[in-house]
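> Quick one: this structure, given as structure tokens, is what I'll be asking you about.
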Amino acid sequence: MKRPKRWSVPYTEEVIGASMDYGIVRGLLRGPLRGLAADRKQFPPDLPLSGILRHDTRIRKYKKGEVIIRQGDYGDSAFYVLEGSVHVLMARLPTRSAGGRIGQKAAKWARSVAKLFQSRSSFPEVRGKDRRPEAEKGQGQIVHLQDFPEFLLEGSAADVNPEFVAELTSGNGHQGETFGEIAALSRTARTATVLAASQETQLLEIRWQGLRDIRKYSLRWKEMIDERYRSSSLLSHLRYAQYTSNLSRERSHPLSDYEVTEEGNNTMISELSHLARHTQFRSYGEFTWQSTFKEMAESGARELQESEPVILKQGNIAGELILIRSGFVRVTRRYNHGEKTVAYLGKGQSYGMAELYHNVNLNEDGFGPVPMDYQHSLRAIGHVDILAIPGPVVQSNVIPHLKPDDVKSLKVDLERLIKDQKGGGGSESRSSANMLEFLVEERAINGTAAMLINLDRCTSCDDCVRACSDTHDNNPRFVRFGPQQEGIQLTHACMHCVDPVCMIGCPTGAIHRDAIGNQVVINEYTCIGCSTCADNCAYDNIQMVEIRDKGGDFVLGSEKDEKLGMVRRTPTEDPIQKATKCDLCENLVTGPACVNACPHDALVRTDLTGSDDLFDWMSKS
């Protein structure tokens with residue numbers, strides 16, 4: 001087999017079975033992308049701008065009302081407006097929205113039925129030259145749900161508050177707007193729904209590998225994308241955050257003296273906009289945090305914790321409300337000569353409101369007359385984005401609008417904090433505290449579907465391993481081994497992380513999120529066997545396997561051999577490899593085969609981004 005390389009399968013060929021025409025690329029560089037074309041000399045010879053456009057982009061056309069991307073879905077591409085305009089909805093679509101989208105349940109059944117008719121071999125990891133099912137070849141492959149047109153039904157647009165709608169246009173021939181780059185680069189869900197607003201809307205879709213390379217060699221595009229990353233979703237996050245969701249986009253707030261605008265100091269803005277003006281965006285850690293984690297983990301838990309960037313320190317003046325925009329944060333308290341982990345926070349959670357609420361209500365609730373400092377330290381785990389709202393703004397603009405349930409919850413938190421101050425200790429049991437520390441140190445809190453085994457129930461029968469093998473080419477996709485704590489084993493199986501760093505270096509986009517179930521899966525058709533994903537996985541949960549033909553022989557790669565003016569392909573000694581990992585049995589309606597096969601209910605797939613499900617399972621086991 002010809003050894004695959006990054007551009008062996010262009011984006012357009014992967015999706016519609018055809019390559020981007022050279023003439024189209026030239027037209028883009030002379031027209032809508034002429035600003036980017038000015039930087040073409042900055043690109044290296046082996047990675048030309050024209051090559052990126054030809055292999056990592058495709059042109060998409062939409063009719064008015066057609067859904068381009070949907071809030072909450074995962075996507076691995078960004079869009080550039082070439083012609084027409086789009087509407088960006090900072091709210092979910094009305095429930096009456098429909099029209100052509102394949103339902104998750106129906107798609108699951110289709111995959112399960114296709115699995116029944118798939119030919120099976122007695123040898124492990126058998127591959128052909130092209131194992132894509134017929135339904136996935138050419139236009140309409142079911143793994144790309146965005147390729148099916150979906151329209152906002154007539155009249156349902158009235159259900160969308162116009163205050164939540166923004167418009168992006170092509171700029172009448174000037175450089176167009178981009179959208180979708182935040183989710184594509186940060187491996188997160190879409191923060192907004194985007195609809196085609198004109199009768200003929202034409203977009204350039206750029207898969208994230210191409211976007212990454214353009215950012216690297218075009219300073220102008222990098223600055224544009226980074227600025228949008230920092231600002232475009234700020235209002236969206238504040239609108240849905242726990243303590244700020246009650247603020248209004250309609251109630252007006254006067255500008256202060258240091259917020260002078262062209263209209264003067266008498267200008268009124270919404271409460272939410274006022275809050276956004278004072279909110280700071282900060283980032284901690286690196287996108288490629290997995291390399292540091294592997295090095296520090298070998299040094300020990302103390303070194304690992306000290307390598308985590310400090311967001312705030314226990315004992316500092318409580319001066320800000322911290323909102324977690326993405327990533328995970330370790331919450332610690334001083335303990336003897338070190339620190340102990342008491343909790344961790346994820347996207348959408350916050351820290352500091354209890355202290356700020358106390359400081360604005362001194363003596364009113366019986367909590368004492370002394371202002372309260374931060375009672376914990378926060379450290380960034382991996383890469384973390386936060387929003388920091390100054391204390392005075394919170395006390396004057398957020399606390400007065402708190403919901404009654406939030407006030408009640410804050411008073412409970414304050415009672416616990418004051419008890420801890422007086423030496424009452426935390427409310428968590430020693431077992432829970434040890435398990436929490438274990439999960440954070442192993443970075444298992446990143447997993448949405450971690451495989452845990454209760455070792456007191458497990459009899460080592462290996463039924464789970466055999467079930468996985470029977471489902472996946474006679475080769476199990478996990479290793480029944482891993483670190484242990486409190487009789488619970490964290491097994492080496494893909495956890496389908498919130499932040500799947502395995503995707504970072506993939507040159508072809510073969511490892512991606514499934515559009516139906518959001519699992520992290522590998523497209524073996526576009527996998528080139530570079531092992532980047534396996535090397536990047538912080539948990540060693542991706543294996544490289546040597547593939548075989550139907551006769552059981554290893555498939556050897558071939559390279560060009562140029563002699564006497566003739567070109568032929570000669571086999572190499574190294575078999576072709578493909579990356580494999582757990583896919584949560586995406587082709588089975590019944591779910592993961594490993595869980596269903598366990599005769600003793602010793603195995604579970606659970607979401608560790610919150611500890612409640614884990615502790616409930618432990619208490620019942």
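The values are calculated or read from the model by the stated rules, or taken from the named source; none is laboratory data. Values in this document were obtained by computation on a predicted structure and should not be read as measured data. Ideal geometry is used to build each Cβ from the backbone, glycine not excepted, and the neighbour counts take in all protein chains shown. In case anyone asks, the SASA skips ligands and DNA or RNA and just uses the protein heavy atoms, side chains included. Shrake-Rupley method; radii C 1.70, N 1.55, O 1.52, S 1.80 Å.
> Taking the range 491-538 on its own, how many of its residues are polar (S, T, N, Q) and touching a strand residue (DSSP E or B) at 6+ places or on another chain (Cβ under 6 Å)? So that I can check it myself, show each step before the final result.
As a first pass, look at the range 491-538 and keep what is polar (S, T, N, Q): 491, 508, 518-519, 523, 526, 531-532, 536.
If we keep only those that are touching a strand residue (DSSP E or B) at 6+ places or on another chain (Cβ under 6 Å) as well, we get 491, 518, 531.
Number satisfying all stated conditions: 3.
> Quick check on the range 545-563: of everything there that is open to solvent by 60 Å² or more (accessible area, probe 1.4 Å) and modelled with pLDDT of 75 or more, which residue is nearest to Pro4 (Cα to Cα)? Even if it seems obvious, please write down each step before you answer.
Residues of the range 545-563 open to solvent by 60 Å² or more (accessible area, probe 1.4 Å): 546, 550, 553-554, 556, 559-560, 562-563.
Imposing the further condition that a residue be modelled with pLDDT of 75 or more reduces the set to 546, 550, 553-554, 556.
On the way: Glu546: 14, Lys550: 20, Asp553: 19, Phe554: 16, Leu556: 12 Å.
In this case the residue turns out to be Leu556.
Per-residue answers, yes or no, for (1) modelled with pLDDT under 65; (2) open to solvent by 60 Å² or more (accessible area, probe 1.4 Å):
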{"site": "Asn266", "(1), (2)": "yes, yes"}
{"site": "Ile269", "(1), (2)": "yes, no"}
{"site": "Glu298", "(1), (2)": "yes, yes"}
{"site": "Glu308", "(1), (2)": "no, no"}
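> Scan the range 391-408 for residues that are surrounded by 16 or more Cβ atoms within 10 Å (Cβ to Cβ) and in contact with a Leu (Cβ under 9 Å, 6 or more places away or on another chain) and jot them down.
Gly391, Val393, Val394, Gln395, Asn397, Val398, Ile399, Leu402
> If you take the residues of the range 332-360 that are in contact with a Ser or Thr (Cβ under 7 Å, 6 or more places away or on another chain) and either open to solvent by less than 40 Å² (accessible area, probe 1.4 Å) or under 14 Å from Glu437 (Cα atoms) (or both), which of them is modelled with the highest pLDDT? Even if it seems obvious, please write down each step before you answer.
In the first step, residues of the range 332-360 are kept if they are in contact with a Ser or Thr (Cβ under 7 Å, 6 or more places away or on another chain); the result is 332, 339-342, 346-347.
Now drop any that are not either open to solvent by less than 40 Å² (accessible area, probe 1.4 Å) or under 14 Å from Glu437 (Cα atoms) (or both), which leaves 332, 339-342, 346.
Values: Thr332: 88, Glu339: 80, Lys340: 80, Thr341: 82, Val342: 84, Gly346: 84.
Only one residue fits best here, namely Thr332.
> Then there's this: Quick one: is Arg58 modelled with pLDDT of 85 or more, within 23 Å of Lys222 (Cβ to Cβ) and assigned to a helix (DSSP H, G or I)?
Here the answer is no, as Arg58 does not meet what is asked.
> Looking at the range 591-603 only, could you name the residues that are within 18 Å of His496 (Cα to Cα) and surrounded by fewer than 19 Cβ atoms within 10 Å (Cβ to Cβ)? Write out each step before concluding.
So in the range 591-603, the residues within 18 Å of His496 (Cα to Cα) come out as 591-595, 603.
Within the range 591-603, Gly591, Val595 qualify.
> With the requirement that a residue be under 26 Å from Glu339 (Cα atoms) and at pLDDT below 90, what does the range 368-379 give you? Spell out the reasoning first.
Going residue by residue through the range 368-379, those that are under 26 Å from Glu339 (Cα atoms) are 370-379.
Val370, Pro371, Met372, listed by residue number.
> Let me ask something additional. Among the residues of the range 41-66, write down those that are farther than 27 Å from Thr526 by Cα and surrounded by 15 or more Cβ atoms within 10 Å (Cβ to Cβ). Walk me through how you get there before you give the answer.
Looking only at the range 41-66, we keep the residues that are farther than 27 Å from Thr526 by Cα, and these are 41-42, 63-66.
Matches in the range 41-66: Lys64, Gly65, Glu66.
> Considering only the range 16-55, how many residues are of a type outside the set (Ser, Thr, Tyr), part of a loop (DSSP other than H, G, I, E, B) and farther than 21 Å from Lys222 by Cβ?
The qualifying residues number 5.
> Checking the conditions here, which among Ser232, Ser283 is under 27 Å from Gly346 (Cβ atoms), at pLDDT below 75 and not acidic (Asp, Glu)?
Exactly one of Ser232, Ser283 is under 27 Å from Gly346 (Cβ atoms), at pLDDT below 75 and not acidic (Asp, Glu), namely Ser232.
> Within the range 527-544, identify whether any single residue is at pLDDT 85 or above and assigned to a strand (DSSP E or B), and answer yes or no.
yes
> What are the residues in the range 491-529 that are open to solvent by 20 Å² or more (accessible area, probe 1.4 Å), aliphatic (A, V, I, L, M) and under 23 Å from Val465 (Cα atoms), if any?
If the condition is that a residue be open to solvent by 20 Å² or more (accessible area, probe 1.4 Å), aliphatic (A, V, I, L, M) and under 23 Å from Val465 (Cα atoms), then Ile522 is the only one that fits.
> Kindly provide the set of residues from the range 468-507 that are closer than 30 Å to Ser77 by Cα and either of a type in the set (A, V, I, L, M, F, W, C) or assigned to a strand (DSSP E or B) (or both), ordered by number.
The answer is Phe478, His492, Ala493, Cys494, Met495, Cys497, Val498, Val501, Cys502, Met503, Ile504, Cys506.
> Looking at the range 478-490, can you tell me whether even one residue there is open to solvent by 10 Å² or more (accessible area, probe 1.4 Å), among the basic types (Lys, Arg) and modelled with pLDDT of 85 or more?
Yes; the residues of the range 478-490 include at least one that is open to solvent by 10 Å² or more (accessible area, probe 1.4 Å), among the basic types (Lys, Arg) and modelled with pLDDT of 85 or more.
> Now for a separate question. Step by step: first the residues of the range 564-590, then only those that are of a type in the set (A, V, I, L, M, F, W, C) and modelled with pLDDT under 85, then the one that is least open to solvent (accessible area, probe 1.4 Å). Which residue is that?
Filtering first and then ranking leaves Leu588.
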